[in-house]
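See below for the structure under consideration.
The values are calculated or read from the model by the stated rules, or taken from the named source; none is laboratory data. Values in this document were obtained by computation on a predicted structure and should not be read as measured data. Note that we place each Cβ from the backbone using ideal geometry, even for glycine, and neighbour counts take in every protein chain shown. Protein only, heavy atoms only, side chains kept; ligands, DNA and RNA dropped before computing areas. Shrake-Rupley method; radii C 1.70, N 1.55, O 1.52, S 1.80 Å.
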Amino acid sequence: MDSPVSYEAHGEIGVIRVNNPPVNATSAAVRQGLVAAADQFAASAQKVAVLMADGRTFIAGADIKEFGKPPVKPHLPDVIHHIEALEKPVVCVIHGTALGGGFEVALGSHYRVAVKGARIGLPEVNLGLIPGAGGTQRLPRLIGMIPACEIFTSSRQVGAEECLSLGIVDAVIDKSPIEAGLDFARRVLDQGLPVRRVSEMSVAPYAEPDLAALKTKVARAQKGHVCHLRGIDVAVEGGELPFIEGMKIERQGFWDLMQTPQRAAMIHAFFAERKTASLPELKGIAPRALGHIGVIGGGTMGGGIAVSCLLSGLKVTLIERDAEAAQKASDGIAKTLTDSVKRGKLKPEARETLLADALVTSADYHSLAEADLVIEAVFETMEIKKDVFTKLDAVCKPGAVLASNTSYLDVDEIAAMTNRPEDVIGLHFFSPAHVMKLLEIVVAAKTAPDVVATGFALAKALKKVPVRAGVCDGFIGNRILKTYRTAGDHMVLEGASPFQIDKALVDFGFAMGPYAVADLAGIDIGYLTRQRLLPGRDPRERIGDWGDVLYHKGRLGRKTAHGHYIYDAQSPKGRPDPEVEEIIAAERAAKGITPRDFTDAEIVERYMAAMINEGAKVVGEGIALRPLDVDVTKLYGYGFPRFRGGPMHYADHIGLDSVLATINREAQTDDFFWQPAPLLQQLVAEGRDFSSLNEG
Ligand SMILES: NC(=O)c1ccc[n+]([C@@H]2O[C@H](COP(=O)([O-])OP(=O)(O)OC[C@H]3O[C@@H](n4cnc5c(N)ncnc54)[C@H](O)[C@@H]3O)[C@@H](O)[C@H]2O)c1
């Protein structure tokens, strides 16, 4: 097979060209090709080489097909060393993105040129790792310790102009990659610029307090992660040593991190996210059109969904109950877009164009006649939803996809209101809908495959992470949420405070605990759900009533500045309210419960066991396709710590037998709530884990 790296002569200039579509990843063949091309250049009459890549980007990372396999020689650090050791200058041209190993190749070159619009980045921390081919050693030597550590701990992409001001590149040239490379190579020839090896530079002195401040910032932003701070330590320690010794420190750090459960969890999350997005059942099925989106209801969700669609270039027609409500929705969308402008995500003129040309708000359902896909986001009441779908059936064109954003309700029942149930699907967004990445795609009994494909195409257009779910109360995410929240409520009834539970779970790595989440979502949501489910309640069900007390006191959470926590100027993020403890103590007394103490570890163990057990039921019943779909749902919609990979991956890590033991132990006091999932029992009996169900 031809090598993906070629060498050609342009007079006095040699051109080393990588051609490994789609992103020129540093596969084994590319690594071998780079060494061969470097040797060819060394032996040639050319005096300077341009190192560049074909296609839409420079080398944008490692070959993910090689992940987890035994490393194949030559290793990337050696390849880079080989290039850097050349006795004639090499000019690297960066276009598109130079990420991870790709950027490390650029750092091993003697000069760097960015094509306008190019970006660089070291995203290894997203996989629980640090750069392993010199990134932690060369970048501090090139631009200084603090900016270098900031770049690889944040994993952000740095644009060409910033690269120039930081000294990462020597020039930004607004030409094609080959022309940019030849331009700079001629400059090297004309000015007689020498070989300039970053490894031979020393790290510029920096202020210790600045480093300490960066460490504090990183520790706070990346709470629970081990790789970020290890990366800083490796850079600092190696920066004080000769480069070759520094590389050994980096290698050690890299291999240590390779062995960590966090790295395994992050790699699992990385692959899981890709698997949920490409559903095997959709192979070869073309989605329907989705240029024009209808949205029904312009409240919290409808407004957010409309913004998300507008920002992705889709046309939106939003229907509200009357002209006044339609105007309010329009104002809300305009305000959110203003915020996007303020945050630099949208140009002011683009905002004007979106509002003038891409958005229509109306109270007339007939405005939806041309919509390709309509998303209903009205109140969470079956009767209202049924009424809306009857209207949609009457006004929408044949083939239009009719979707509901319901959180819990039966999509089959909603679909039955139309004469086209095959066109009906659930599209469950998360709040705020223009920010949150998860989109649960709820496939009802009669949903047509190309309608499912359209749901996935919409997720792609909106840059969301799709997960296929089946119909049940709450689908994947909210059904599991209800279970672990109940497990939390049981512990509160038995003596733990909501604040201790929240803290224990935040310490575990969750973005928020369940009671802070309840305050954010609104205490009324939980109250209304409890009311809805009241008629079907089993008398053996243990439920906490304090949420109802809070509801009746008008303490609805953040929106009323009081919920479980108090939100005011003194504590905008909330502080525990002692009155809530009094309300709960009164409930315990009325129920004859003597409170006991809980350790944080006990709280996490029980909470996670409930989550995993319900996750196993959701998979066992086919609501989720695989355990990894549960993981992605919790990671992207419910603030589950990515460094733990998701609840099912975490279960494999701690051992399914230990999870089952917790469930069986709890079942001794409450065998109604703690019914082990048949799938969990089966896997334990067979000595298998959840990951065995993720394959294929
Ligand atoms: N809020 C959340 O966090 C969240 C998350 C995911 C899904 N959901 C679901 O999204 C849906 C909407 O929730 P929300 O929080 O945006 O509610 P909301 O009360 O903020 O908004 C509902 C909007 O629908 C409008 N509306 C009601 N009946 C209508 C009708 N017949 N025609 C047109 N407009 C009508 C109302 O005027 C209101 O503006 C619910 O099904 C909810 O369960 C909510």
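How far, in degrees from 0 to 90, does helix 578-590 lean away from the longest principal axis of the Cα atoms of the chain, to the nearest 10?
The two axes meet at around 50 degrees.
If R0 is 22 Å, what FRET efficiency do you get for Glu179 and Lys47 from their C-beta distance, rounded to 0.05?
Calculated value: 0.70.
Quick one: Debye curve from the alpha-carbon atoms of the range 534-578 only, equal weights, vacuum; give me log10 I(q)/I(0) at q = 0.20, 0.32 Å⁻¹ to two decimals.
-0.67, -1.10
I want the antiparallel fraction of DSSP beta bridges within the chain, as a percent rounded to 5.
Antiparallel bridges make up about 25 percent of those DSSP assigns within the chain.
Based on the Cα coordinates of the range 333-411, what is the per residue volume of their convex hull in Å³?
In the range 333-411, the Cα hull volume divided by residue count equals 123 Å³.
Please sort by residue number the GluC sites (Glu not before Pro) in the range 364-458 whose DSSP state is loop and whose Cβ has at most 10 other Cβ atoms within 10 Å.
none
List the chymotrypsin sites (Phe, Trp or Tyr not before Pro) within the range 603-696 that fall in a DSSP loop (any state other than H, G, I, E or B) and whose Cβ has at most 11 other Cβ atoms within 10 Å.
Answer by residue number: Phe672.
Angle, helix 243-258 long axis vs. longest principal axis of the chain, Cα atoms, 0 to 90°, nearest 10?
That helix lies at roughly 30 degrees to the long axis.
From Cα pairs below 8 angstrom and at least 6 apart in sequence, can you work out the relative contact order of the range 376-529, rounded to a whole percent?
Relative contact order comes out at 16 percent.
Using alpha carbons only, what's the Rg to Rh ratio of the range 129-264 with Rh from Kirkwood?
On the Cα set of the range 129-264, Rg over Rh gives 1.03.
Find the Cα radius of gyration of the range 360-499, compare it with 2.2 N^0.38 Å by division, and give the number to two decimals.
Normalised Cα radius of gyration, the range 360-499: 1.16.
Using a Förster radius of 45 Å, what is the FRET efficiency between Lys217 and Glu349 based on their Cβ-Cβ separation? Nearest 0.05, please.
0.85
Provide the gained length on full extension for the span Lys463 to Arg532, in nm with one decimal, where the gain is 0.36 nm per separating residue minus the Cα-Cα distance.
Between Lys463 and Arg532, full extension yields an extra 21.5 nm.
Take every Cα-Cα pair in the range 572-695 and report what % of them are more than 23 Å apart.
Beyond 23 Å sits 41 percent of the P(r) for the range 572-695.
Using alpha carbons only, what's the Rg to Rh ratio of the range 135-195 with Rh from Kirkwood?
That ratio is 1.04, to two decimals.
Taking the square root of 5 times each eigenvalue of the Cα gyration tensor, what semi-axes in Å does the equivalent ellipsoid of the range 15-170 have, largest first?
With the √(5λ) rule applied to the range 15-170, the semi-axes are 22, 19, 14 Å.
Distances longer than 14 Å among the Cα atoms of the range 306-354: what percent of all pairs is that?
Considering the range 306-354, 51 percent of its Cα-Cα pairs are separated by more than 14 Å.
Quote to one decimal, in nm, the extra length available between Asp357 and Met258 on full extension: 0.36 nm per residue of separation minus the C-alpha distance between them.
Length gained, Asp357 through Met258: 30.6 nm.
To the nearest 10 degrees, how steeply does helix 600-620 sit against the main Cα axis of the chain, on a 0 to 90 scale?
With both axes taken from Cα atoms, the answer is about 90 degrees.
Can you figure out the FRET efficiency of Arg56 with Gln675, using R₀ = 45 Å and their beta-carbon distance, to the nearest 0.05?
Efficiency at R0 = 45 Å is approximately 0.30.
Would you list the P(r) distribution for the range 512-559, with all Cα-Cα distances sorted into 5 Å bins from 0 and each bin expressed as a whole %?
5, 21, 28, 23, 14, 7, 1
From the C-alpha gyration tensor of the range 195-312, pull out the three semi-axes of the equivalent ellipsoid (sqrt of 5λ each), sorted largest to smallest, in whole Å.
Listed largest to smallest, the semi-axes of the range 195-312 are 45, 21, 16 Å.
Can you give the calculated 222 nm mean residue ellipticity of the chain, where each DSSP H run of n ≥ 4 adds -39,500 (n - 2.57) and the sum is split over every residue, rounded to the nearest 500 deg cm²/dmol?
-15000 deg cm²/dmol
Seen from all sides and averaged, what is the projected area of the convex hull of the Cα atoms in the range 433-513, in nm²?
6.7 nm²
Would you compute the Debye intensity of the range 1-91 from its alpha-carbon atoms alone, equal scatterers and no solvent, and pass along log10 I(q)/I(0) at q = 0.13, 0.18, 0.25 Å⁻¹ to two decimals?
Treating every Cα as an identical point scatterer, log10 I(q)/I(0) equals -0.41, -0.76, -1.33.
Using 10 Å bins from zero, what percent of all Cα-Cα pairs in the range 512-614 falls into each bin?
Answer for the range 512-614: a P(r) of 13, 37, 41, 8, 0 percent.
Could you compute how much accessible surface His82 exposes when probed at 1.4 Å, giving the result in Å² to the nearest 10?
Probe radius 1.4 Å; accessible area of His82 about 70 Å².
When the label point is put 7 Å from the Cα of Lys503 along its Cα-to-beta-carbon vector, which residues of the range 586-629 have a backbone N closer than 13 Å?
Counting only backbone N, you get 598-601.
Using 7 Å Cα-to-Cβ label points, what is the Glu579/Ala369 separation (nm, one decimal)?
A separation of 5.5 nm, rounded to one decimal place.
Spelling out what I want: for every residue of the range 127-143, take phi, set θ = phi - 60°, compute 6.51 cos²θ - 1.76 cosθ + 1.60 (Karplus), and round to whole Hz; glycine and proline get x.
10, x, 10, 10, x, x, 10, x, x, 6, 9, 7, 4, x, 5, 7, 10
On a full-extension model of 0.36 nm per residue, what is the gain between Ile525 and Glu281, subtracting their alpha-carbon distance, rounded to one decimal in nm?
Working it through step by step, the gained length comes to 84.4 nm.
Please list, short to long, the whole-number percent of alpha-carbon pairs of the range 388-432 in consecutive 5 angstrom bins beginning at zero.
Whole-percent P(r) values from 0 Å outward: 5, 24, 34, 20, 11, 5, 1.
What's the Kirkwood radius of the range 458-592 in Å, using all Cα pairs?
Across the range 458-592, the inverse of the average 1/r is 16.2 Å.
If you take the alpha carbon radius of gyration of the chain and divide it by 2.2 N^0.38 Å, what ratio comes out, to two decimals?
Its radius of gyration relative to the 2.2 N^0.38 Å reference: 1.07.
Say a paramagnetic label sat at a point 7 Å from the Cα of Ser202, along Cα to Cβ; which residues of the range 140-155 have their backbone N under 17 Å from it?
140-146
Each residue of the range 216-232 in turn: what ³J(HN,Hα) in whole Hz from Karplus with 6.51, -1.76, 1.60 and θ = phi - 60°, glycine and Pro shown as x?
For the range 216-232, the Karplus curve yields 4, 4, 5, 4, 6, 5, 10, 3, x, 7, 9, 6, 5, 5, 4, x, 5 Hz.
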